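> Once you've had a glance at the structure underneath, I'll fire off some questions.
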Amino acid sequence: MNDFLVSIVVPCYNEAENIPSLLKRIGAALQAYGYEIILVNDGSQDLTQSVIELAASENEKIKFLHFSRNFGHQAALKAGIDHAKGDCVVTIDADLQKPPEAIPGMIVHWQEGHDIVTAVCKNEGQPSVFKRLTSAAYYRLLSWLADHKMVRNGADFRLIDRKVADTIRDIQSQNLYLRGIFSWMGYKQAIVYYREEKRRAGKTKYNLPKMLNLASNGITSFSIKPLRLALGMGIFFAMLAFGYGLYAVTMVWLGKTVTGWASLVASVVFLSGVQLIVLGVIGEYVGKIYQELSQRPNYLIFKSNISPPVPRQGNK
Ligand code: UDP
Ligand code: MG
């Protein structure tokens, strides 16, 4: 047995059917290690809570946190990391799309001195064409906007060192986008590859609004380039309008009053559209500032078997 502890953090939202086989596979994969499993029940409405508690009563390595409601995947990851005691912390999904058998390989990289080991999906076979295309375009856009490279397909299957986990614990942001935070952090990073499997049971919990919210958080938490783009667009259209104004004045001088009702309406409508978009972008950032100022915790826990005192609840 090695003399370090590995914490496995699993966010679970309505995953009752998957949890037993997940635990079995983690147990088999990590036989050679000292480990704890932290199941974060993100306000599930199915039997997740009782399945978790039953498992925990049979195996002391299993810890759990029950949220008071659904706070989202990112909050669940943060809660697990906040409460993990391990020398390294691995985050993995509950649906067995990501194989626990890849964890020992990640541990090897960690032992070699890497602080963040991201597992990247090698086969893109499973997700729908729509998801694949939008995700490829999104990561490209995000890397460009954020000025640092985001690991594509690096979903939240990752190993982090204790010091990285401590940093995450200290981050107090309402708009968590952990993938971005990890690539922003630097440290010594490594990538391992795995083959993604089909979701074992249940269906994806990432509906379109949730995905869009995560995507928007990713962009606005790491970049103010959209504001610059808005500014650039403003300057461009102001110059265009100036030129058009000159043209209109010249026409009046020449006595050729312009009959351009259609062009007038078109340009007014177009420019109001542009203004609304720009306002929307600014509003998005103002909203984020407002949320950050509210200083609410990222999550609330109503029940847990992690030995008291619970270190910290979301934000201090
Ligand atoms: N999840 C969560 N809270 C949510 C949505 C998802 O804890 O609000 C968990 C879910 O139980 C799973 C992981 O996050 O363990 C990834 O979600 P899912 O498999 O639905 O996403 P996908 O693989 O389709 O991107
Ligand atoms: Mg999944």
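The values are calculated or read from the model by the stated rules, or taken from the named source; none is laboratory data. On a predicted model such as this, the values are computed, not experimentally measured, just so you know. All Cβ positions, even for glycine, are placed from backbone atoms using ideal geometry, and neighbour counts span all protein chains on display.
> What number of residues within the range 205-225 are under 30 Å from A16 (Cβ atoms) and in a loop (DSSP other than H, G, I, E, B)?
3
> Here's something else I'd like to know. In this structure, does V9 turn out to be in contact with a helix residue (DSSP H, G or I) (Cβ under 8 Å, 6 or more places away or on another chain) and within 20 Å of F157 (Cβ to Cβ)?
Details: in contact with a helix residue (DSSP H, G or I) (Cβ under 8 Å, 6 or more places away or on another chain): yes; within 20 Å of F157 (Cβ to Cβ): yes.
The answer is yes for V9.
> Quick one: count up the residues across the range 1-18 that are away from ligand 2 (no atom under 14 Å from the Cβ) and either part of a loop (DSSP other than H, G, I, E, B) or buried (at least 19 other Cβ atoms within 10 Å of the Cβ) (or both).
Of the residues in the range 1-18, 9 are away from ligand 2 (no atom under 14 Å from the Cβ) and either part of a loop (DSSP other than H, G, I, E, B) or buried (at least 19 other Cβ atoms within 10 Å of the Cβ) (or both).
> Would you tally the residues in the range 51-85 being within 13 Å of ligand 1 (Cβ to nearest atom) and without any contact (Cβ under 8 Å) to a residue 40 or more places away in the chain?
Qualifying residue count, the range 51-85: 1.
> Quick one: how many residues across the range 51-94 are among the charged types (D, E, K, R) and within 22 Å of F4 (Cβ to Cβ)?
Summing the residues that are among the charged types (D, E, K, R) and within 22 Å of F4 (Cβ to Cβ) in the range 51-94 gives 6.
> Looking at G280, G245, G287, G202 in this structure, which one is within 16 Å of ligand 1 (Cβ to nearest atom) and not charged (D, E, K, R)?
G202
> Among the residues of the range 196-209, is there at least one that is without any contact (Cβ under 8 Å) to a residue 12 or more places away in the chain and of a type in the set (A, V, I, L, M, F, W, C)?
yes
Every residue, every condition in (1) among the aromatic types (F, W, Y); (2) under 26 Å from L96 (Cβ atoms); (3) more than 16 Å from ligand 2 (Cβ to nearest atom); (4) in contact with a His (Cβ under 6 Å, 6 or more places away or on another chain), yes or no:
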site: Y187; (1), (2), (3), (4): yes, no, yes, no
site: A190; (1), (2), (3), (4): no, yes, yes, yes
site: Y193; (1), (2), (3), (4): yes, yes, yes, no
site: G202; (1), (2), (3), (4): no, yes, no, no
site: I224; (1), (2), (3), (4): no, no, yes, no
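> Might you let me know whether the range 52-66 holds any residue that is among the polar types (S, T, N, Q) and either assigned to a helix (DSSP H, G or I) or more than 16 Å from ligand 2 (Cβ to nearest atom) (or both)?
Initial filter on the range 52-66 (among the polar types (S, T, N, Q)): 57, 59.
After this cut, where a residue has to be either assigned to a helix (DSSP H, G or I) or more than 16 Å from ligand 2 (Cβ to nearest atom) (or both) as well, the list is 57, 59.
Yes, some residue in the range 52-66 is among the polar types (S, T, N, Q) and either assigned to a helix (DSSP H, G or I) or more than 16 Å from ligand 2 (Cβ to nearest atom) (or both).
> Here is a further query. Quick test of your reading of the structure: A230 fulfils all but one of (1) away from ligand 1 (no atom under 16 Å from the Cβ); (2) modelled with pLDDT under 75. Name the failing condition by number.
(2)
> Mind listing just one residue for me: the one in the range 9-47 that is of a type in the set (D, E, K, R) and touching a Pro at 6+ places or on another chain (Cβ under 9 Å) and, of those, farthest from E101 (Cα to Cα)?
Our first condition is that a residue be of a type in the set (D, E, K, R); within the range 9-47, this holds for 15, 17, 24-25, 36, 42, 46.
Still in the running and touching a Pro at 6+ places or on another chain (Cβ under 9 Å): 25, 42.
Numbers: R25: 8, D42: 24 Å.
Per the stated criteria, the residue is D42.
> Restricting to the range 226-257, and then to whatever is assigned to a helix (DSSP H, G or I) and among the hydroxyl-bearing types (S, T, Y), can you tell me which residue is farthest from ligand 2 (Cβ to nearest atom)?
The qualifying residue farthest from ligand 2 (Cβ to nearest atom) is T250.
> Next question, about the same structure. Of all residues in the range 279-307, count the ones that are aliphatic (A, V, I, L, M) and not in a helix (DSSP H, G or I).
3
> So, in the range 74-96, exactly how many residues are closer than 18 Å to R296 by Cβ and within 16 Å of ligand 2 (Cβ to nearest atom)? Before you say what the answer is, go through the steps one by one.
First, the residues of the range 74-96 that are closer than 18 Å to R296 by Cβ: 74-79, 82.
Add one more test, that the residue is within 16 Å of ligand 2 (Cβ to nearest atom), and what stays is 74, 76-77.
Residues meeting the conditions: 3.
> For the range 86-123, what are the residues that are exposed (fewer than 14 other Cβ atoms within 10 Å of the Cβ), among the charged types (D, E, K, R) and within 16 Å of ligand 1 (Cβ to nearest atom)?
K122
> Test of understanding: among E17, E36, E53, which residue is out of contact with any helix residue (DSSP H, G or I) (no Cβ under 8 Å at 6 or more places or on another chain) and more than 14 Å from S304 (Cβ to Cβ)?
Criteria check complete, one pass: E17.
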